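Here, each number is a calculation from the coordinates, and none is a lab measurement. What you are looking at is a predicted structure, and each value in this text was computed from that prediction instead of being measured. Neighbour counts run over all protein chains shown; Cβ positions are idealised from the backbone, glycine included.
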Amino acid sequence: MPTRAINPWTWQDRLDFSQAIEVVGAEAVVYCAGQVSVDADGRPLHAGDLQAQFHCALDNLERVLGGAGLALGDVVRLNYYVTDIAAFHAASPIVGARLQAARCKPASTLLRVAGLALPELMIEIEATAVRLPRELA
């Protein structure tokens, strides 16, 4: 198998992430800049609504990944930077269903930060994805 989750415990399963992902034989590794809730002109969207920002940031991430011929299911690392941990946990089950549908269960880190690049932003998502050769995918 070209990717393998490494989980010496089970507690992370209820939070839908992996402790580590091993990748063997990758054709390419794509390191994505942090994606936020902005429109095509970089204007912030959904001020005060972390769940809507989370979805928009994922939309933007999917667009970036698509440019490399990848999708959410190819993400092996997903880091979250949020200004409100409670709002993140409230939005996670709803937005998490989208990640589950994409078979995306990457290694992840959640960090609370004092602020992001623009004051309206509540979440930034940073991803690493891999493209496997067709014979391994």
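Summary of computed values
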read-out: Residues located in the stretch 17-35, provided they are β-branched (V, I, T) and closer than 20 Å to Q100 by Cα; value: I21, V23
read-out: Residues located in the stretch 62-116, provided they are closer than 18 Å to F17 by Cα, part of a helix (DSSP H, G or I) and within 11 Å of the chain's Cα centre (by Cα); value: L72, G73, D74, V95, G96, R98, L99
read-out: In the stretch 80-137, the residues that are of a type in the set (F, W, Y) and in contact with a Phe, Trp or Tyr (Cβ under 9 Å, 6 or more places away or on another chain); value: Y80, F88
read-out: Count - residues of the stretch 34-54 that are in a loop (DSSP other than H, G, I, E, B), small (G, A, S) and within 16 Å of the chain's Cα centre (by Cα); value: 2
read-out: Total residues in the stretch 6-33, condition assigned to a loop (DSSP other than H, G, I, E, B), on the phi < 0 side of the Ramachandran plot and acidic (D, E); value: 1
read-out: Check on N60, polar (S, T, N, Q), in contact with a strand residue (DSSP E or B) (Cβ under 8 Å, 6 or more places away or on another chain), free of Cβ contacts under 8 Å to residues at least 60 places away in the same chain and over 23 Å from N7 (Cβ atoms); value: yes
read-out: Every pair of residues 6+ apart whose Cβ atoms lie under 8 Å, when the first sits in the stretch 103-117 and is within 17 Å of A127 (Cβ to Cβ) while the second is basic (K, R) and surrounded by 12 or more Cβ atoms within 10 Å (Cβ to Cβ); value: P106/R77; A107/R77; S108/R77
read-out: Selected residue (criterion: nearest to R98 (Cα to Cα)) from residues of the stretch 5-16 that are surrounded by 12 or more Cβ atoms within 10 Å (Cβ to Cβ) and in contact with a strand residue (DSSP E or B) (Cβ under 8 Å, 6 or more places away or on another chain); value: Q12
read-out: Evaluation of A107 against (1) touching a helix residue (DSSP H, G or I) at 6+ places or on another chain (Cβ under 8 Å); (2) within 21 Å of V30 (Cα to Cα) (one fails), failing number; value: (1)
